[in-house]
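The values are calculated or read from the model by the stated rules, or taken from the named source; none is laboratory data. Just so we're clear, the structure is a prediction, and the values are computed from it rather than from any experiment. Backbone-built Cβ (ideal geometry, glycine too); neighbour counts: all protein chains shown. Accessible surface areas use protein heavy atoms only, side chains included; no ligands, DNA or RNA. Shrake-Rupley method; radii C 1.70, N 1.55, O 1.52, S 1.80 Å.
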Number of protein chains: 2
Amino acid sequence: MTELEYIIKQISKTNKKNFENYVVTRIWHGINKTDVKFTTQQFVNRPNGHALTDMFFPQFNLHIEIDEPFHNKQKELDLNRESDIIEATNHKIERVKITDDINFINKQIDYIINEISALRTKNIDENTFEPWDLGKEFNPEYHREKGYLDTKENPAFKTISHACNCLGQNYKDGSQRSYVKSKVYENHNIWFPKFYNNDKWDNWISDDGLTITEKCKTESKQKEHFDSLMNSSVNRIVFPRSKDNLGFTLYRFKGIFKTDKENSSIENGIIHRRINNRIEIKK
Amino acid sequence: MTELEYIIKQISKTNKKNFENYVVTRIWHGINKTDVKFTTQQFVNRPNGHALTDMFFPQFNLHIEIDEPFHNKQKELDLNRESDIIEATNHKIERVKITDDINFINKQIDYIINEISALRTKNIDENTFEPWDLGKEFNPEYHREKGYLDTKENPAFKTISHACNCLGQNYKDGSQRSYVKSKVYENHNIWFPKFYNNDKWDNWISDDGLTITEKCKTESKQKEHFDSLMNSSVNRIVFPRSKDNLGFTLYRFKGIFKTDKENSSIENGIIHRRINNRIEIKK
């Protein structure tokens with residue numbers, strides 16, 4: 001996929017939503033820098049639950065919401081449990097209010113364009129700007145050089161092997177195991193759960209991203225699974241499998257989790273609590 | 001319809017065509033002037049037949065064509081005989097070539113934005129710029145003050161009464177007659193033909209806009225109609241009924257026509273030739 005294709009795919013998510021298409025294209029063309037990344041229709045985790053933002057600039061943790069009169073966004077929130085959801089705590093939201101007055105709308109958009117352009121310049125000046133690079137973003141080597149993964153930056157990989165190898169494994173693609181025992185981090189497994197319905201497991205993560213509930217759907221194995229976890233002290237480095245807004249599979253880092261044995265049960269599931277939102281990469 | 005709604009409707013014509021949507025929005029947002037008008041997917045009359053241009057700036061007689069690789073535009077030319085078609089002789093065409101290189105595409109678009117902005121400034125300086133004004137464009141009084149209709153400017157009206165009253169009639173809406181005898185222009189009828197199929201007539205205009213063929217479909221009336229025209233010397237001021245690209249009915253001025261008696265016949269139809277592409281408005 002070229003940058004152009006990526007941008008056009010993002011814009012095309014707004015195709016049937018004419019005001020969104022107007023605002024999104026005006027902002028993007030107005031910024032006029034191909035080193036700035038955006039997504040459209042991005043699901044986010046907020047302290048009070050999931051939400052959908054119309055445009056998201058990950059380099060600046062900035063979201064755009066387009067407020068259309070008589071348009072109830074809740075209705076179109078077609079989130080499913082496979083959807084990619086990013087952490088958005090402390091992210092900034094700018095709103096564009098749609099009225100009949102095109103000059104008023106354009107003024108609001110000009111303000112946002114200026115704001116983003118200024119943030120970009122500031123980050124460049126402070127040496128903290130990471131130019132958007134499709135080839136780099138999901139590359140394990142890029143993250144290894146950075147030296148950490150942090151949920152605040154919403155890092156993600158395209159494959160299980162990329163995620164594993166970023167953490168020092170030497171994993172070959174092919175076997176798509178949902179568990180990989182870490183060779184580098186003692187007493188840690190790297191886990192690629194599905195938080196959407198599947199034959200064997202009913203697992204989910206809380207809206208705030210802090211709690212995972214794990215339930216084995218095969219009744220005959222529930223007790224064995226429960227007992228083995230109660231006797232284990234292995235933490236989990238978690239990369240749930242999801243689909244991004246363009247339909248591509250992603251494994252996004254969600255932190256390190258520890259089993260909460262006290263609150264786990266066969267009936268209600270095994271509870272895992274996030275104990276760290278960051279992992280240092282050992283070289 | 002507000003300006004914003006108009007612009008969004010024009011852009012939405014490109015919705016399923018992602019490269020077009022990218023180019024059209026980038027050009028429009030880049031010009032960044034709400035006094036500039038554009039249409040998308042505009043049918044035009046060229047010396048060698050009809051064509052469809054992707055974006056048209058009527059104030060500057062400038063068209064944009066977007067050349068996509070492996071994309072045969074002819075296939076999607078869903079022209080029907082009701083479509084609004086404008087005169088485009090001597091109009092300028094700029095092309096945007098789509099490649100994988102977003103910076104190359106953006107450079108081409110920047111060139112066009114600069115060209116249009118310069119034309120606008122030049123026209124303002126020379127006092128020939130007519131700011132886009134949705135309320136004025138189809139207003140008979142606006143054209144009366146201008147003093148003429150000229151096919152080169154593609155003037156049009158929304159209703160039969162507006163066209164008639166622009167030419168000095170005092171016509172009330174209601175009766176939708178296709179003929180109105182002019183009170184102002186001796187031996188002239190104002191004619192609102194349909195160049196698309198209908199019960200009573202099979203009329204059409206040539207691609208170059210110079211020849212109209214008129215055929216009565218009611219066999220029992222053909223001879224009477226033919227004879228009456230052969231004995232008449234009434235010219236026609238022609239405003240064919242059409243639909244613009246947003247589906248709105250238009251009556252666009254196509255010139256003054258005179259019956260070519262020598263070349264007319266019952267079998268092949270009555271032939272009318274354009275004798276003037278301009279009419280002076282008498283006050």
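One table, with the values for the structure above:
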| item | result |
| --- | --- |
| Residues within the stretch A:131-143 that are within 24 Å of residue A:90 (Cα to Cα) and open to solvent by 40 Å² or more (accessible area, probe 1.4 Å), tallied | 2 |
| Subset of the stretch A:112-130 (residues that are loosely packed, with under 14 Cβ neighbours inside 10 Å and within 14 Å of another protein chain (Cβ to nearest Cβ)) | A:114 |
| Meets criteria (open to solvent by less than 30 Å² (accessible area, probe 1.4 Å), closer than 22 Å to residue B:158 by Cβ and not acidic (Asp, Glu)) for residue B:190 | yes |
| Residue among B:183, B:172 that is at pLDDT below 90 and not in a strand (DSSP E or B) | B:172 |
| Residue in the stretch B:227-271 that is nearest to residue B:152 (Cα to Cα), counting only those that are among the aliphatic types (A, V, I, L, M) and not in a strand (DSSP E or B) | B:246 |
| Those residues of the stretch A:263-283 which are out of contact with any strand residue (DSSP E or B) (no Cβ under 7 Å at 6 or more places or on another chain) and open to solvent by 90 Å² or more (accessible area, probe 1.4 Å), in sequence order | A:267, A:268, A:282, A:283 |
| Top-ranked residue in the stretch B:3-40 [being at the interface with chain A (Cβ under 8 Å from one of its Cβ atoms), more than 22 Å from residue B:67 (Cβ to Cβ) and in a loop (DSSP other than H, G, I, E, B); ranked as least open to solvent (accessible area, probe 1.4 Å)] | B:34 |
| Tally of residues being open to solvent by 80 Å² or more (accessible area, probe 1.4 Å), of a type outside the set (S, T, N, Q) and within 30 Å of residue A:243 (Cβ to Cβ) across the stretch A:82-111 | 2 |
| Out of A:231, A:235, sole residue that is within 20 Å of residue A:181 (Cα to Cα) and open to solvent by 40 Å² or more (accessible area, probe 1.4 Å) | A:231 |
| Residues of the stretch A:214-228 satisfying the condition of being closer than 16 Å to residue A:193 by Cα and either open to solvent by 70 Å² or more (accessible area, probe 1.4 Å) or in contact with a His (Cβ under 8 Å, 6 or more places away or on another chain) (or both) | A:214, A:216, A:217 |
| Of the criteria (1) in the same structural domain as residue A:210 (by TED's automatic domain parsing); (2) crowded, with 16+ Cβ neighbours inside 10 Å; (3) in contact (Cβ under 8 Å) with a residue 12 or more places away in the chain, which one residue A:146 fails | (2) |
| Residue tally, condition more than 16 Å from residue B:256 (Cβ to Cβ) and either open to solvent by 100 Å² or more (accessible area, probe 1.4 Å) or in contact with a helix residue (DSSP H, G or I) (Cβ under 8 Å, 6 or more places away or on another chain) (or both), over the stretch B:193-213 | 3 |
| Those residues of the stretch A:238-262 which are modelled with pLDDT under 95, touching a strand residue (DSSP E or B) at 6+ places or on another chain (Cβ under 8 Å) and open to solvent by 40 Å² or more (accessible area, probe 1.4 Å), in sequence order | A:241, A:243 |
| Unique residue being modelled with pLDDT of 85 or more and under 21 Å from the mean Cα position of the chain (by Cα) when the list is B:35, B:78, B:100, B:67 | B:35 |
| Among (1) part of a helix (DSSP H, G or I); (2) closer than 18 Å to residue B:151 by Cα; (3) open to solvent by less than 20 Å² (accessible area, probe 1.4 Å) - the single one residue B:59 does not satisfy | (3) |
